[in-house]
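Working notes, beginning with the structure itself.
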Amino acid sequence: MSIRGVQDGSRSPMMITDSFFDDGGSESPTSAVGAEAPRELPNELSAPYEVPQFPIEQIEKKLLIQRQLNVKAAECGQSVRSFAGSEVGGALEEAARFRIPDDDEVDVVLPHFQRVAISGEDTSGVPLEDLQQASSYLVQALEIRKRYMEMSQQSYATITARFVRNMDADAPQNHTPTVKVPKSHIADHIVHPPFKENKDPWECPNPDAKGYTIKSDRGVFNLYRQEGGVESRVPYEYITLTQYIQDMNTMCNMIADGPLKSFCYRRLSYLSSKFQLHVLLNELRELASQKAVPHRDFYNIRKVDTHIHAASCMNQKHLLRFIKKTLKNHADEVVTLHKGTPMTLKAVFQSMNLSTYDLTVDMLDVHADRNTFHRFDKFNAKYNPIGESRLREVFLKTDNYMNGKYFARIIKEVAFDLEESKYQNAELRLSIYGKSPTEWAKLARWAIQYDVHSNNVRWLIQIPRLYDIFKSNKIMNNFQEFLSNIFQPLFEVTNDPNSNTDLHKFLTHVVGFDSVDDESKPENPILDPDVKIPEEWDDEENPPYAYYLYYMYANMTVLNHFRKEQGLNTFVLRPHCGEAGPVQHLVCGFMLAENISHGLLLRKVPVLQYLYYLAQIYIAMSPLSNNSLFLNYHRNPLPEFLARGLCITLSTDDPLQFHFTKEPLMEEYSIAAQVWKLSSCDMCELARNSVLMSGFPHEMKQYWLGPNYMKEGVAGNDITRTNVPDIRISFRYETLLDELTNIFKIQQCATIFSTEVTSLSPPIFKWPFALDVAAAQH
């Protein structure tokens, strides 16, 4: 059935609900209701009953330009109207035009479902100049992110990258390669990764030493080689601080632009409404698709907790049982030094007048409560069991008198629980503080010595923004020492893996870096062009968030180039971003980070929210954590973000503080499903997103999601493994194609026809940046 709205003389959009596609991909509408021939009205920009706001000459000129663009676009087959509705198939062909052919490509049949789309010559609802300017800004922002991601060896959404590349015909076709799986092997591709029981989990390639000299240049480490007695820099490229500040200012100006905010808000509202209509029309079909899949349901699809801290990865009852068990079985072990005197575990508890019988969950007092709301200092204090920092040092630290022995044991117990559940995985954060250059060696020795490893666990390294505390305690003199303590050991071990084999092995299980601390601390969020370099930053004032993130990104970029040359794994940047504080933090995340955690403040910035959607940046959201710290559960924007098509995952953050059960990730899903009435399809989509966002190896993702998971749209989905219906995947893919096509086609058509338009009248378009006309032509 096809339902069409009345098209009036102002050429307003029509809402179309299209019926099934047939097997060939063509539409088969059965009826059209209420269609009328368009009538011309004398005033397009004001309502008929209002006094005209613009001179008649200006109105006529705008109509003439609009007609000129429409005629020219129709001649070259590139209409500026939305591709959706009756043109869905055509848009898919247009998107496929930029794809690199694949010999083993599987024939994809578009799923049958009700498609909702808008047709008409003006589908944006904003004036022509605002639409042109908005598309220019958005394309510029996407190009900025693409440049930063490619330079740092981080991933960028392939579909968005294709559209950006098409704007520049000279751009290299450096798409992310996929591992081809022949058609004959797909059906036989096993579901479980073939882990070898006798294989050493720390086994890894051991490249030869390079012999480079490592030096810091204005806060960024560079590599130098000796050639004929002359020292030359290895040409690894990275974004300079000056360029970063310039790009950040450009982005900040964008998010404050009024017409762009209006345009993005309208598009986001449209995406929400479109999803609601999709659910209304197709919910039963999606459910039927899931019921038709044998064996697979929400409980036995892979899920990854993409944001969880190792020091709080257990629940409070688990920690209590572990403390009691350890105190019972290892009471006489020396665990710490008190004023130079060794203390056993029994003596530590005796000094607090406590026995195993006295300990309760309430006495442990590690759970967040209403007193921690907007009090990050009180929340951090909850990491100390019974309010004692000594117990935190003994049980929850890797660097202590016992070299983290107890912490390794409890982490292995958590990992065992994950392995028992089989379908749950976690990316645990371990801390490197930057106090000493030996921290990395101690952390690696802890992991190797106690064999802290699991096929269900990968590591991220979190770097707390604590320079001001180290400086005030006279631990370091300037910010460069902080950076050197963090990054120099990594460059040294990449330069010569035999210099620290433990660290070399440990890094093969590390996914990336996280930046953590209270984002609501007062700071100046915008960097000045004359900001001090790290060698000169000797103030006790903490550098702003944007400063920390840039130097993490720049050093990681050079390190990734070096490790890739050595044939080693590379790292990504996954910071806490947008939990609180200034919205400019999200600008930094958009430019520098592959994915982010939290992202709550996107609800206040429609331009950034729309850009995060277009760029398909994954966001790990933790609504239970936010509920205790910054935002009440019912105000959390997660269901709204999910409806609009942002790449959302559910994560736990700190089970020790926020959760009660043995399976905190399932607890997070179950509460979200109950409060927001998420369907089984919604929850499976969140789980699939978590695997895609995670840093687990490509081979494991193939087993979990299907051998073709990196392909776009329905071709990349295997419902027998993900339990996500092809209908949902197709809806998300076609909707994203629609938005990208609207933006990039308007930009291309305006570029092609700008010469002819300007010959009719004085220029009315304002270009925020220059485009190569020849590059945009087909």
Worksheet entry | Subset of segment 703-742 (residues that are outside any helix (DSSP H, G or I) and at positive phi) | Gly706, Asn723
Worksheet item: Counting only residues that are free of Cβ contacts under 8 Å to residues at least 60 places away in the same chain and under 21 Å from Arg145 (Cα atoms), how many does segment 252-285 have?
Response: 2
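Any idea how many residues of segment 294-330 are farther than 26 Å from Asn403 by Cβ and either of a type in the set (A, V, I, L, M) or part of a helix (DSSP H, G or I) (or both)?
Residues that pass the stated criteria total 6.
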Fill in: Every pair of residues 6+ apart whose Cβ atoms lie under 6 Å, when the first sits in segment 541-561 and is part of a helix (DSSP H, G or I) while the second is modelled with pLDDT under 95 and among the charged types (D, E, K, R)
Tyr548/Arg465
Practice prompt. Pull up segment 562-580, narrow it to residues that are over 19 Å from the mean Cα position of the chain (by Cα) and touching a residue at least 60 places away in the same chain (Cβ under 8 Å), then point me to the one that is surrounded by the most Cβ atoms within 10 Å (Cβ to Cβ).
Written response: Phe562
Fill in: Residues being touching a residue at least 60 places away in the same chain (Cβ under 8 Å), surrounded by fewer than 22 Cβ atoms within 10 Å (Cβ to Cβ) and in a loop (DSSP other than H, G, I, E, B) - total across segment 653-695
6
Practice prompt. Looking for whichever is more than 25 Å from the chain's Cα centre (by Cα) and either of a type in the set (Ser, Thr, Tyr) or part of a helix (DSSP H, G or I) (or both) here; the options are Lys435, Lys412. Which one fits?
Written response: Lys412
Discussion item. Name the single residue that is farthest from Pro655 (Cα to Cα) among those in segment 331-366 being assigned to a loop (DSSP other than H, G, I, E, B) and within 43 Å of the chain's Cα centre (by Cα).
Written reply: Leu359
Discussion item. Can you list residue pairs whose Cβ atoms sit under 9 Å apart, with the first residue in segment 351-370 being at pLDDT 80 or above and the second being surrounded by 12 or more Cβ atoms within 10 Å (Cβ to Cβ) and among the polar types (S, T, N, Q)? Count only pairs 6 or more apart in sequence or on different chains.
Written reply: Val361/Gln316
Worksheet item: How many residues, within segment 621-640, are touching a residue at least 60 places away in the same chain (Cβ under 8 Å) and either surrounded by fewer than 18 Cβ atoms within 10 Å (Cβ to Cβ) or acidic (Asp, Glu) (or both)?
Response: 1
Worksheet item: Looking at (1) surrounded by fewer than 18 Cβ atoms within 10 Å (Cβ to Cβ); (2) in contact with an Asp or Glu (Cβ under 9 Å, 6 or more places away or on another chain), which is the only condition Tyr545 fails?
Response: (1)
Discussion item. Can you find a residue that is in contact with a helix residue (DSSP H, G or I) (Cβ under 9 Å, 6 or more places away or on another chain), on the phi > 0 side of the Ramachandran plot and at pLDDT below 95 anywhere in segment 685-696?
Written reply: no
Worksheet, complete the sentence: With criteria (1) of a type in the set (Ser, Thr, Tyr); (2) closer than 20 Å to Asp399 by Cα; (3) part of a helix (DSSP H, G or I), Thr494 comes up short on (2)
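The values are calculated or read from the model by the stated rules, or taken from the named source; none is laboratory data. These numbers come from a predicted model, not from an experiment. In this analysis, Cβ positions are derived from the backbone assuming ideal geometry, glycine residues included, and neighbour counts consider all displayed protein chains.
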